[in-house]
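Report on the following structure.
Values in this text are rule-based calculations from the coordinates and carry no lab data. Please read all numbers here as calculations on a predicted model, not as lab measurements. Virtual Cβ from ideal backbone geometry, glycine too; neighbours counted across all protein chains shown.
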Amino acid sequence: MNVLITGGTGFVGSALSQKLAGRGEQLTVLTRDVGTAQRRVGTAVNAVASLDDAEWTALDAVVNLAGLPIADRRWSEKRKQALYASRVDLTNQLVDALAQQEQRPRVLVSASAIGFYGDGGDSLLDERSRPHPDFSHELCAAWETAAERAEKLGIRVCIIRIGLVMGPGGGMLKRMVPGFKLGLGGRLGSGRQWMSWVSLQDLVEMIVYLMDHETLGGVFNATAPNPVRNSEFTSELATVLKRPAKVPVPAAALKLALGEMSQLMLAGQRVIPARLQQAGFTFRHPTLREALVYSLES
Ligand SMILES: NC(=O)c1ccc[n+]([C@@H]2O[C@H](COP(=O)([O-])OP(=O)(O)OC[C@H]3O[C@@H](n4cnc5c(N)ncnc54)[C@H](OP(=O)(O)O)[C@@H]3O)[C@@H](O)[C@H]2O)c1
């Protein structure tokens, strides 16, 4: 199988590239920095700086994961535009390029995020749940709409609303663990907000599952079946690290430090992967404890 991956050098993309290369698939990775990408994903992978340089003729699948990190900087208007450009504009360019091909890949698996639902409060959210309109909803909705355009080209489109990814060496844990190890961990705000997470290994398996199962299409929540409140997440992480977590961060301090972006930490979503479960997907790490042990000890 020939697979094109955008964002193939990232935390999720490099784990996916490794998995697919291990299955003997031929990979092309779209990247802004070919040299670094080639070092990161290996010389067996074809790294290209432009969609024009990709080998389109024998392409079987596209996985679209590119996106500027959402939690790295305050959401100024300029930053919001860059977040849009790296997701929505890039996805539109990808679908435009697909439209120009005579021979098209069979499937596009395209990233979105559980931020699609906005602040979900305590409601249990499946793929049919109504979103709460805020910036993260608008961004994800536009991202999904861009990818869904590929359906009109006869391509099977699977949108994955990704939860907080837990895995070794990256993602949210990489930022949290140093503070927790120093004994400076604690709940955020009230700690009652929900966190829907997924292990990196399960997320990679989900992407491959959707690529391989030709009857599956549409939107899928890419989360584990057991979301937790922030207070439970905090105590589980502290337990696995064998450290206390008694330094809560007040909501007002987060709002002051992060502005609108504090929504990411103070609001939450209680998401269940209803469609993947109905489709028979089985989880390697269904509980947070299992995902944390895998992330921190492997
Ligand atoms: N990790 C999570 O917890 C999480 C949760 C929900 C959704 N997601 C989404 O899932 C996707 C993968 O996440 P990740 O954790 O693997 O992200 P990551 O490690 O930050 O990697 C992001 C990738 O996107 C590419 N990229 C970044 N900025 C870009 C830009 N301006 N234009 C084009 N490409 C750009 C990078 O490729 P190059 O540097 O090689 O160009 C990189 O490979 C992202 O879209 C993210 O928003 C992640």
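Quick look at the values:
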item: Amide proton proximity set for Leu30, modelled H, under 5 Å, gap of 5+; result: Ile5, Thr6, Gly7, Gly8, Val48
item: Using distinct alpha-carbon pairs, which all enter the 1/r mean, Kirkwood radius of the range 79-164 in Å; result: 13.7
item: Per-residue ³J(HN,Hα) for the range 117-133, Karplus 6.51 cos²θ - 1.76 cosθ + 1.60, θ = phi - 60°, Hz, x for Gly and Pro; result: 7, x, 6, x, x, 9, 5, 7, 10, 10, 5, 8, 5, 7, x, 9, x
item: The range 232-266: trypsin sites (Lys or Arg not before Pro) falling in loop per DSSP and having at most 10 other Cβ within 10 Å; result: Lys242
item: Other-chain or far-sequence residues with amide H under 5 Å of Leu164's (modelled H); result: Ser196, Trp197, Val198
item: At most 15 other Cβ within 10 Å, DSSP loop - trypsin sites (Lys or Arg not before Pro), the range 160-218; result: Arg192
item: Of Val271, Asn2, Thr57, farthest towards positive along the dipole that unit charges on Lys, Arg, Asp, Glu beta carbons give the chain; result: Val271
item: P(r) weight above 13 Å for the range 89-132, C-alpha pairs, percent; result: 66
item: Against the rule of thumb 2.2 N^0.38 Å, how large the Cα Rg of the range 1-121 comes out; result: 1.10
item: Phi to ³J(HN,Hα) by Karplus 6.51 cos²θ - 1.76 cosθ + 1.60 over the range 80-86, Hz, x for Gly, Pro; result: 4, 4, 5, 5, 5, 4, 6
item: Over the range 208-286, equivalent-ellipsoid semi-axes from the Cα gyration tensor in Å; result: 33, 18, 9
item: Highest to lowest packing among 122-135, 54-67, scored as the average C-beta count within 10 Å; result: 54-67, 122-135
item: Violating pairs (Cα-Cα greater than 22 angstrom) within the set Lys19/Lys181; Lys80/Lys255; Lys19/Lys242; Lys78/Lys255; result: Lys19/Lys181; Lys19/Lys242
item: Between helix 135-148 and the chain: long-axis angle, C-alpha atoms, 0 to 90°, nearest 10; result: 20
item: Kirkwood Rh and Cα Rg combined as Rg/Rh, the range 2-297; result: 0.96
item: Cα-only Debye scattering, the range 145-254: base-10 log of I(q)/I(0) at q = 0.16 Å⁻¹; result: -0.80
item: Local electrostatic count at Asp72 - Lys and Arg +1, Asp and Glu -1, tallied over other residues with Cβ under 12 Å; result: +4
item: Cα centroid separation - the range 262-298 against the range 210-259, whole Å; result: 8
item: Integer Hz, Karplus 6.51/-1.76/1.60 couplings in order for the range 163-175, x for Gly and Pro; result: x, 5, 8, 10, x, x, x, x, x, 5, 5, 4, 7
item: Charge dipole of the chain about the Cα centre (unit charges at C-beta), most positive-ward option of Ser199, Met261, Ala251; result: Ala251
